[in-house]
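Q: This is the structure I want to talk about, given as structure tokens.
The values are calculated or read from the model by the stated rules, or taken from the named source; none is laboratory data. Because the structure is a prediction, the values reported are computed rather than measured. Cβ atoms come from the backbone with ideal geometry, glycine included; neighbour counts cover every protein chain shown. All accessible areas refer to the heavy atoms of the entire protein, side chains included, with ligands and DNA or RNA removed. Shrake-Rupley method; radii C 1.70, N 1.55, O 1.52, S 1.80 Å.
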Amino acid sequence: MSPVIDVHTHCLTEAWFELLQKHGGPRYTVKSVTGGLRAIHLDGAPFMTPLPPMFDYDLRLRTMNEHGVDIGVVSLTCPNCYWGGPDVSLRAAQIMNDDMAAARTAHPDRLRWFASIPWQYPELALRELDRAVGAGASGVMVLANVGGQPLTDPAFASIWSAIDAKALPVLVHPTAPPGVGEMDMQRFQLTASLGFTFDTSLAIARMIYDGFFDRCTKLKIIAAHGGGALPYLISRMDQCYDNIPACREKLAVRPSEVVPRIYADAVVFAPEVLSLCIKVFGADNVMYGSDYPHTIGDLPGCLRRVNELPVVVRDRVRGQTAQRIFGF
């Protein structure tokens, strides 16, 4: 079998968490949720639960060893560093990038990392992008919306251009979608079950219709959680393209013809869902991920479902595709 490369796994530091609690308000707060854990809330709706393994690289490596994961590409999870003003946002990114770079130095055969950058401040973001890549970042992590702004907002054009020039992989990871308060997503913690997938689906759909993949041809977009709902909805996007002129303003081909230029991870929770993801994105475009150590992360289960795939597809998803696009 090929090596196992986990492209979707998260870490935190106490310094980052303390900074968020000090400067994240009023929109970001930390409060207890049902079950006794503390969660980060956006506008009163819980969406991210910090867990002890996020802060513990030794435990991470033992877990990887236990389940047969060879390399983990770690990233800061949501709400990333998009809060607190320019100085705080930059500091939050630097804290995490420095921590992940040090972890890679300590475990060069086991860990890689996605850089976080303060997207809402392009000059600072470009500076931190260069610094992080110089420190060994293998790609960039961006949330599916940046403080409510879509990733196709012209304000981010210079950042995308710089990432494209470096031909980097970019993990598009959801956060709480805009409007969580209005949609009453506090009830049943709906952000985790539905909100995240909405956020990713909307971000990638906008990129497709906006012609993003014609402008940025060298970077590699990885749509988190199996591409959200896109495998289920791409035919609907085609139908809209064929029948609604607004869908054709910036796009010369049907959305399904763009999908082979997009990657997805295998963080889905049923074999039939993984099969659909692979059918839509292509066997060369899906990579193993676990979402470890989030509450609903499933390192062994996601790997088991990958290992049950036909041999040729299995090895691509386990690690061959990641080796190719990251250059490991």
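Q: For ASP70, project a label point 7 Å along Cα to C-beta. Then give me every residue of segment 1-44 with its amide nitrogen under 17 Å of that point.
A: Within reach of a label on ASP70, which here means backbone N under 17 Å from a point 7 Å along Cα→Cβ, segment 1-44 contributes 1-8.
Q: Using the Cα gyration tensor of segment 218-259, with a ≥ b ≥ c the square roots of its eigenvalues, what is the shape: rounded (a/c below 1.5), prolate (a/b larger than b/c) or oblate (neither)? Let's see the in-between values first.
A: Details: a/c = 2.81, a/b = 1.45, b/c = 1.93.
Since a/c reaches 1.5 but b/c is at least a/b, the shape of segment 218-259 is classed as oblate.
Q: Of LYS220, LYS279, which has the most accessible area with a 1.4 Å probe, and how do the rest follow in descending order?
A: LYS279, LYS220
Q: A further question follows. Once both labels are modelled 7 Å past Cα along the beta-carbon direction, what's the ASP164-GLU123 spacing in nm?
A: It is 2.4 nm.
Q: Under a crude label model (7 Å from the Cα following the beta-carbon direction), how far is GLU18 from VAL311 in nanometres?
A: Between GLU18 and VAL311, the label points sit 5.4 nm apart.
Q: Tell me the chymotrypsin sites (Phe, Trp or Tyr not before Pro) within segment 265-314 that lie in a loop according to DSSP and have at most 16 other beta-carbon atoms within 10 Å.
A: On the way: sites: PHE269, PHE281, TYR288; in loops: PHE269, TYR288.
Hits after loop and neighbour filter: PHE269.
Q: Could you tell me what percent of the accessible area of segment 1-67 is made up of carbon and sulfur, with a 1.4 Å probe and every protein chain present?
A: Carbon and sulfur: 52 percent of the exposed surface of segment 1-67.
Q: VAL311: accessible area at probe 1.4 Å, nearest 10 Å²?
A: 90
Q: Roughly how many debye, to the nearest 20, is the charge dipole of segment 204-309 about its Cα centre, given +1 on each Lys and Arg Cβ, -1 on each Asp and Glu Cβ, and no other charges?
A: On the way: 12 positive and 12 negative charges, 51 e Å.
Charge dipole, segment 204-309, about its Cα centre: 240 debye, nearest 20.
Q: What shape does segment 1-150 have by the C-alpha gyration tensor, where a ≥ b ≥ c are the square roots of the eigenvalues, rounded means a/c under 1.5, and otherwise prolate means a/b greater than b/c and oblate the rest?
A: Verdict is oblate for segment 1-150.
Q: So how much accessible area does ARG27 have, in Å² to the nearest 10, using a 1.4 Å probe?
A: 120
Q: If you don't mind, another one. Can you tell me the accessible area per residue over the chain, all protein chains present, probe 1.4 angstrom, in square angstrom?
A: 41
Q: Run the 1.4 Å probe and let me know the accessible area of LEU168, rounded to the nearest 10 Å².
A: Approximately 20 Å² for this residue.
Q: Give me the three principal axis extents of segment 21-62 from the C-alpha atoms, as integers in angstrom, largest value leading.
A: Projected onto its principal axes, the Cα set of segment 21-62 covers 37, 25, 13 Å.
Q: A follow-up question, please. Can you tell me how segment 170-314 classifies by the Cα gyration tensor, rounded, prolate or oblate, using a/c under 1.5 as the rounded cut?
A: Since a/c reaches 1.5 but b/c is at least a/b, the shape of segment 170-314 is classed as oblate.
Q: Could you work out [θ]222 nm for the chain from helices alone, using -39500 (n - 2.57) per DSSP H run of at least four and dividing by all its residues? Round to the nearest 500 deg cm²/dmol.
A: That calculation yields -12000 deg cm²/dmol at 222 nm.
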